[in-house]
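Structure record follows, encoded as C-alpha cells.
The values are calculated or read from the model by the stated rules, or taken from the named source; none is laboratory data. Not measured: the values here are computed from a predicted model. Counting neighbours? That spans all protein chains shown, and the Cβs are built from the backbone with ideal geometry, glycine included. With ligands, DNA and RNA removed, areas are computed over all heavy atoms of the protein, side chains included. Shrake-Rupley method; radii C 1.70, N 1.55, O 1.52, S 1.80 Å.
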Amino acid sequence: QVQLVESGGGLVQPGGSLRLSCAASGIRFSRYRMSWARRVPGKERELVAVIFSDGTTTYSHSVEGRFTISREDAKNTVYLQMNSVERDDTAVYYCNAVLKSYDYWGQGTQVTVSS
C-alpha cells in the first residue's frame, strides 16, 4: 500500500540548516506532485513548498529564499533543504503526494529551532 515516511527532523539552532527526506512507496512517484507542509499546535496546516512532476517549484512567502524542495525520482524521494532556520520554523513537517483524486500524507517529523 501507499506509504510516505519522513525523516531528518530534530533540534537545530537559529541560523542553522537541516535536510528533511520523504521516501515514498506504493505509487508511481514520478507522476505525483510532491510537497511539504507544516503544522504548529493551535494553527492550521501551512503548505511550505511544492515540486511538480516537471520539476517546477513553488514556496510559501515565509520560507522562500531559505528552503529548497527537490526530488530524486530514481529513489522515490523528495527533500526539503532548510537553511537559515528561524524559531518560527518550529513545527511538525509532513510529506504530501497528489495526483488527480489521490492525496496521501506521511506521519510527520518534528523540527525544533531553539538556542
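What whole-number value in cubic angstrom gives the convex hull volume per residue for the C-alpha atoms of the range 1-104?
Numbers: hull volume 10.9 nm³, N = 104.
Expressed per residue, the convex hull around the Cα atoms of the range 1-104 is 105 Å³.
Any idea which of Ile51, Tyr32, Ser21 is furthest toward the positive side of the dipole for the range 8-51, if Lys and Arg beta-carbons carry +1 and Asp and Glu beta-carbons -1?
So the residue we want is Tyr32.
Just the accessible area for Asp88, please: 1.4 Å probe, Å², rounded to the nearest 10?
About 130 Å², ignoring ligands and nucleic acids.
Nearest 20 debye, what's the magnitude of the dipole of the chain about its Cα centre given +1 on Lys and Arg Cβ and -1 on Asp and Glu Cβ? Show your work: numbers first, answer last.
On the way: 13 positive and 11 negative charges, 47 e Å.
Computed about the Cα centre, the dipole is about 220 debye.
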